[in-house]
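These notes are about the structure you will find just below.
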Amino acid sequence: MNVSDIVGPLELKVMCPGVQLDAEVKGGYCSDLLSDVMANAEEGDVWITLHTHLNIVAVGMLSKVAAIVITGGRIPEQNVIDRAAQEGLPILCTHLSTFEIAGRLYQMLKQALPDYEEDVPSGPTKSQG
């Protein structure tokens, strides 16, 4: 499944015209703590956030996410869109909540990738944090 495959079903608006939407979507990651995303998002994840500032582009590139989805009807400023376009990183916006987008993406991944559920990490154990 590619980024282009999630745009319609997740009711996403492509904010960076001309940016390729062919990156493979391998999972999803929801977080608004930038250091958490840098430490835990995996290459190919769709990063779901409510942040709209310029730092999301740097964090998205560092984490090698497939795309950034901004929820809750928030729209980034033009300088953020321009920087993401320059880097080739899709920014997608939606009026839906983070909870709704995460649930829909999870269901799509389960359908598209039969082994997806087995690959989903269960999170840190009590001994880890």
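Got a sec? Which of A66, A41, A23 is closer than 20 Å to N2 by Cα, over 11 Å from the mean Cα position of the chain (by Cα), hydrophobic (A, V, I, L, M, F, W, C) and surrounded by 15 or more Cβ atoms within 10 Å (Cβ to Cβ)? Lay out the reasoning, then the answer.
Numbers: A66 fails: over 11 Å from the mean Cα position of the chain (by Cα); A41 fails: over 11 Å from the mean Cα position of the chain (by Cα).
Of A66, A41, A23, the one residue that is closer than 20 Å to N2 by Cα, over 11 Å from the mean Cα position of the chain (by Cα), hydrophobic (A, V, I, L, M, F, W, C) and surrounded by 15 or more Cβ atoms within 10 Å (Cβ to Cβ) is A23.
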### Message
If I go through region 49-78 residue by residue, how many of them are within 22 Å of E100 (Cβ to Cβ) and out of contact with any Gly (no Cβ under 6 Å at 6 or more places or on another chain)?
### Response
15
### Summary
Counting only helices (runs of 4 or more DSSP H) wholly inside region 47-129, the ones holding at least 1 residues that are modelled with pLDDT of 95 or more and among the hydrophobic types (A, V, I, L, M, F, W, C) are 55-63, 78-87, 98-112
#### Entry: Index of the failed condition, C16 passing every other in (1) surrounded by 15 or more Cβ atoms within 10 Å (Cβ to Cβ); (2) closer than 22 Å to L113 by Cα
(2)
#### Entry: Residue list for region 3-26, filter: touching a residue at least 40 places away in the same chain (Cβ under 8 Å) and under 17 Å from M61 (Cα atoms)
V3, M15, C16, V19, Q20, L21, A23, E24, V25, K26
### Query
For the subset of region 27-38 comprising residues that are touching a Leu at 6+ places or on another chain (Cβ under 9 Å) and among the small types (G, A, S), which member is surrounded by the fewest Cβ atoms within 10 Å (Cβ to Cβ)?
G27
### Message
Can you pull out every residue in region 1-36 that is in contact with a strand residue (DSSP E or B) (Cβ under 6 Å, 6 or more places away or on another chain) and assigned to a helix (DSSP H, G or I)?
### Response
V3
## Note on the structure
Going through region 67-95 in order, the residues found to be touching a residue at least 24 places away in the same chain (Cβ under 8 Å), acidic (D, E) and more than 18 Å from A41 (Cβ to Cβ) are E77
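The values are calculated or read from the model by the stated rules, or taken from the named source; none is laboratory data. The model shown is predicted, which means the values in this text are computed figures rather than measured ones. Methodologically, a virtual Cβ is constructed for each residue, glycine included, from the backbone with ideal geometry; neighbour enumeration extends over all protein chains shown.
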